[in-house]
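Accompanying notes for the structure given below.
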Amino acid sequence: MLVDGYVFQQVTDFKYLGTNINNRNNMHNEIKLRIASGNKGYYAFAKLFKSKLLSRKSKEYLYSSFLRPVLTYGCETWSVTKEDEEKLNIFERKVLRRIYGPVIENGEYRRRTNQEMYQMFNKPIISSYLKSKRLEWVGHIWRSEGIVKNLFTGRLNGKRPRGRPRQRWEDRVKTDLTEISEELIRIEDSEDRYRWKDMVEAAMVLNGL
């Protein structure tokens, strides 16, 4: 495409504001790139995670404040599958195992179980963090007035392609709401800012264990 002397090449994907955008609106590749960036950060901090001079609390802060934001950048808009969430959980458990190390039982070292690590971490695990960020973002969208809300509530003309429909971001948000409460909660309820804040906080404690 040629616009005022500038040539724009047609590509299948490109990076915009740090997020990978592709022509199929597929978030799996973006999540892979996020995990790759998280791994780079993890190995950059490896000496600090191994250090005996730092307390576990300091290492937890290092992960929560520096490494997790790299891993979850732009996660508000992700339409993740269970497989995607598990990949992110695996990465988090790798970091937590490095922070807490093994446990000694009967004179032998043993790897900590997932349950033990999450109890020691005592913070929302990454899958719960994703739920809360999605709900927080959909609340902002619904209360806003402008093009973003129009795009969210609008419907495209035409027929969908054959085969099983892909999971939409809106579908994932509705699933999150059903997991939080047995009551019927709709996205429209986000008009009540204080009630919706309670929903966001409730999602943060859904550790799935």
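The values are calculated or read from the model by the stated rules, or taken from the named source; none is laboratory data. As the structure is a computational prediction, the values presented were derived from the model and not from experiment. Quick reminder, even Gly has a Cβ in these numbers, built from the backbone with ideal geometry, and neighbours come from all protein chains shown. Accessible surface is based on the protein model in full, side chains and every heavy atom, while ligands, DNA and RNA are left aside. Shrake-Rupley method; radii C 1.70, N 1.55, O 1.52, S 1.80 Å.
Taking region 11-31 as the range and being touching a helix residue (DSSP H, G or I) at 6+ places or on another chain (Cβ under 8 Å) and touching a residue at least 40 places away in the same chain (Cβ under 8 Å) as the test, the residues that pass are 19, 27, 28, 31. Criterion first (polar (S, T, N, Q), open to solvent by 100 Å² or more (accessible area, probe 1.4 Å) and over 23 Å from residue 123 (Cβ atoms)) does residue 29 satisfy it? Spelling it out, it is not the case that residue 29 is polar (S, T, N, Q), open to solvent by 100 Å² or more (accessible area, probe 1.4 Å) and over 23 Å from residue 123 (Cβ atoms).
The set of residues in region 22-46 being part of a loop (DSSP other than H, G, I, E, B) and not polar (S, T, N, Q) consists of 24, 27, 45. For region 77-101, filtering for residues that are closer than 15 Å to residue 56 by Cα, surrounded by fewer than 18 Cβ atoms within 10 Å (Cβ to Cβ) and among the β-branched types (Val, Ile, Thr) leaves 0. The set of residues in region 116-134 that are in contact with a helix residue (DSSP H, G or I) (Cβ under 9 Å, 6 or more places away or on another chain), assigned to a helix (DSSP H, G or I) and either closer than 23 Å to residue 101 by Cα or open to solvent by 10 Å² or more (accessible area, probe 1.4 Å) (or both) comprises 116, 117, 118, 120, 121, 126, 127, 129, 131, 133. Check whether at least one residue in region 169-183 is surrounded by 10 or more Cβ atoms within 10 Å (Cβ to Cβ), among the hydrophobic types (A, V, I, L, M, F, W, C), in contact (Cβ under 8 Å) with a residue 60 or more places away in the chain and more than 25 Å from residue 28 (Cα to Cα), and report yes or no. No, the conditions are met nowhere in region 169-183.
For region 135-152, the criterion of being open to solvent by 70 Å² or more (accessible area, probe 1.4 Å), acidic (Asp, Glu) and not in a helix (DSSP H, G or I) is satisfied by at least one residue.
Among the residues of region 48-56, at least one is open to solvent by 70 Å² or more (accessible area, probe 1.4 Å) and in contact with a Ser or Thr (Cβ under 9 Å, 6 or more places away or on another chain). When you check residue 67 against the structure, is it in contact (Cβ under 8 Å) with a residue 40 or more places away in the chain and buried (at least 18 other Cβ atoms within 10 Å of the Cβ), yes or no? In short, no. For region 1-21, a residue qualifies if it is in a strand (DSSP E or B) and either touching a strand residue (DSSP E or B) at 6+ places or on another chain (Cβ under 8 Å) or surrounded by 10 or more Cβ atoms within 10 Å (Cβ to Cβ) (or both), and the qualifying residues are 13, 14, 15, 19, 20, 21.
Of all residues being basic (Lys, Arg) and in contact (Cβ under 8 Å) with a residue 24 or more places away in the chain in region 41-61, which is nearest to residue 19 (Cα to Cα)? Just the residue, please.
Applying the first criterion (basic (Lys, Arg)) to region 41-61 yields 47, 50, 52, 56-57, 59.
This time we only want the ones that are in contact (Cβ under 8 Å) with a residue 24 or more places away in the chain, so: 50, 56, 59.
Details: 50: 31, 56: 31, 59: 27 Å.
The residue in question is 59.
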